[in-house]
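These notes concern the structure reproduced below.
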Amino acid sequence: MHTPEEVAASIKEIIKQKYGNLNAYAQEKNITPTQLYALLKGKEYLSLFSAFRFSDDFDVNIDYCMKGELPVLNPEHDYNMLLEAATDFFFAVRDEDKARDEFERKYDDLSSEEREQSRKYLEKLRIDKAKAGCALVDLLNKGWGEENPDDDIEKPVIPKSTMKLHEAIQEVIRQSGHPLTFTEIARQINAQELYTRKDGQTVPASQISARVKSYPQLFKVNSDVNPLTITLKI
């Protein structure tokens, strides 16, 4: 629940962003500054007439102006999608924090290989968190109800993966827990953006096949099934 003071402060901030100051807005709307200040004194919620005025001018939700029950969101905003995106971002942040804490706690007891695997896992979690953050920001910007792109929330930067292709292949097979075909591996690598080609194109199944053959010490090709599937040797 937003108080009358919070509602008034929100509207004042929008006016300042669009007009520079309250006096300029009052002059354009042909009302006196005193009338505008009295309207936005924050001692009580706005009347229906005033709520309609600000709704028309700034797309501020009427119920928010009159009762303080809603944030300044477009009425057409899909609340369920927003809730789902916020939940995904929450879990992404939690998973990264938990993995980092565990890595730091066990660091001295890990072998060099285990440390490297943990770093790669943390890198993946950072990318997942950034992607979840971008999805949430897209929904917030879409539903905020402001037409000025300068008011949009800035997206987090998604870090580029530094995995080599054979490492990305190992990662998706570990994630699956069962053998995968070349096509399935390529699809997962591209979906998760675990490997970036220099030409910016997606990784084809043929490239997965060629890389698997170059690392026979890492991968086993199960040729007794059709299509062929790949498992890890180590």
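Per residue, the convex hull spanned by the Cα atoms of region 1-125 measures out at 156 cubic angstrom. Label-to-label distance, S206 versus Y121, with points set 7 angstrom from Cα along the beta-carbon direction: 3.6 nm. Taking all Cα pairs closer than 8 Å and separated by 6 or more residues, the relative contact order of region 2-142 comes to 21 percent. Peptides 182-191, 27-36 ranked from most to least packed, by the mean per-residue count of other Cβ atoms within 10 Å: 182-191, 27-36.
Of all the C-alpha pairs in region 5-48, what % are more than 12 Å from each other? Can you show the working numbers first?
Details: 549 of 946 pairs.
Cα-Cα pairs in region 5-48 separated by more than 12 Å: 58 percent.
With a threshold of 22 Å on the Cα-Cα distance, the over-threshold entries among K124/K164; K12/K67; K12/K129 are K12/K129.
Ranked from largest to smallest solvent-accessible area, with a 1.4 Å probe on the protein heavy atoms, F54, F49 come out as F49, F54. Our note on the geometry: Cα centres of region 171-234 and region 1-29, 56 Å apart. Size of region 91-141 from its Cα atoms: along the principal axes, largest to smallest, the extents are 45, 16, 9 Å.
Dividing the radius of gyration of the alpha carbons in the chain by their Kirkwood radius gives 1.20 for Rg/Rh. To the nearest 500 deg cm²/dmol, what mean residue ellipticity at 222 nm is calculated for the chain from DSSP H runs of n ≥ 4 alone, each contributing -39,500 (n - 2.57), summed and divided by the residues? Using -39500 (n - 2.57) per qualifying helix, the result is -19500 deg cm²/dmol.
Helix 182-192 and the longest principal axis of the Cα set of the chain meet at an angle near 30°.
Between helix 205-214 and the chain, what is the angle of the helix's C-alpha long axis to the longest principal axis, kept within 0 to 90° and rounded to the nearest 10? Approximately 40 degrees, to the nearest 10.
The values are calculated or read from the model by the stated rules, or taken from the named source; none is laboratory data. The shown structure was predicted, so the numbers you read here are calculated from the model rather than taken from an experiment. FYI the Cβ positions are ideal-geometry reconstructions off the backbone, even for glycines, and counts take in every protein chain you see. SASA here: full protein model, heavy atoms, side chains in, ligands and nucleic acids out. Shrake-Rupley method; radii C 1.70, N 1.55, O 1.52, S 1.80 Å.
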